[in-house]
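What follows is calculated from the coordinates using simple rules that are stated; it is not laboratory data. All figures in this text were calculated on a predicted structure; none of them were measured in a lab. No Cβ is skipped: glycine too gets one built from the backbone with ideal geometry, and neighbour counts run over all protein chains shown.
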Amino acid sequence: MMVLTFRKPFSLILVLSVLTSLLALSLLQGCKSSIPKQTVLLLQQIDSLHTVIKKQQTELESLTHTDIDSLITVLSNFQLQEKSDDAFFNARNESIQNAKKVLQSFKTELPVLISESKLQTDQLAQLQQIVAQKPADSTAQQAMLQVQMKAIDEQKLKNSYYLNRVNAQLLLIEKLTNPANP
């Protein structure tokens, strides 16, 4: 019982004021508004889009190290070696000609694709900042996200088209240069 006894009267006031402050702080922490569920969902969607476009951007950037001109030269050299008496000469010649056109087109389009992907990444980062800073305006943010989603879908289709076409041409070159491989 001696523990509750205070020697000085101001000690009780000091202890009560500290306890009141701690109680007020704990109540404020409990009442503090958390991030709205809609904002969390928007941020998750933005992260998902960012992952998709960043993956494609990485794939495109890895192709910048590919020497497209040398691939076109390989195709041209192979085309010159073709024998016109072969039954599949015309079909193979057309395939090689198409491959050269696709690679040439890709060579000029690659920097554009990469810059467009970077632009999409930057716009997603800006949208993420807006959503994180102003969680109350979810309707406008949802509309901005929809616009961004549409733009990224279009970019994704364009990137996928070129990536698939180039990979097909690389497989063709591999098959032509290594006919022993099944």
>> Can you compute the FRET efficiency between LYS118 and PHE89 using 1/(1 + (r/R0)^6), with r the Cβ-Cβ distance and R0 = 41 Å? Round to the nearest 0.05.
In response: 0.40
> Local charge sum around SER160 (other residues, Cβ-Cβ under 15 Å, Lys/Arg +1, Asp/Glu -1)?
Replying inline: 0
> Sorted from fewest to most neighbouring beta carbons within 10 Å, what does the list MET149, MET144 look like?
Replying inline: MET149, MET144
>> I need the calculated FRET efficiency for the pair LEU171 and LYS150, taking r as the beta carbon distance and R₀ as 30 Å, to the nearest 0.05.
In response: 0.40
>> As an exercise, use a Förster radius of 45 Å and the Cβ-Cβ distance of THR139 and LYS101 to find the FRET efficiency, rounded to the nearest 0.05.
In response: 0.45
>> Test of understanding: what is the full-extension gain from ASN178 to GLN79, defined as 0.36 nm times their sequence separation minus their Cα-Cα distance?
In response: 34.2 nm
>> Using each residue's phi in segment 139-151, evaluate 6.51 cos²θ - 1.76 cosθ + 1.60 at θ = phi - 60° and report the 3J(HN,Hα) Karplus result to the nearest Hz, with x for Gly and Pro.
In response: 5, 5, 5, 5, 5, 4, 5, 4, 4, 5, 4, 5, 5
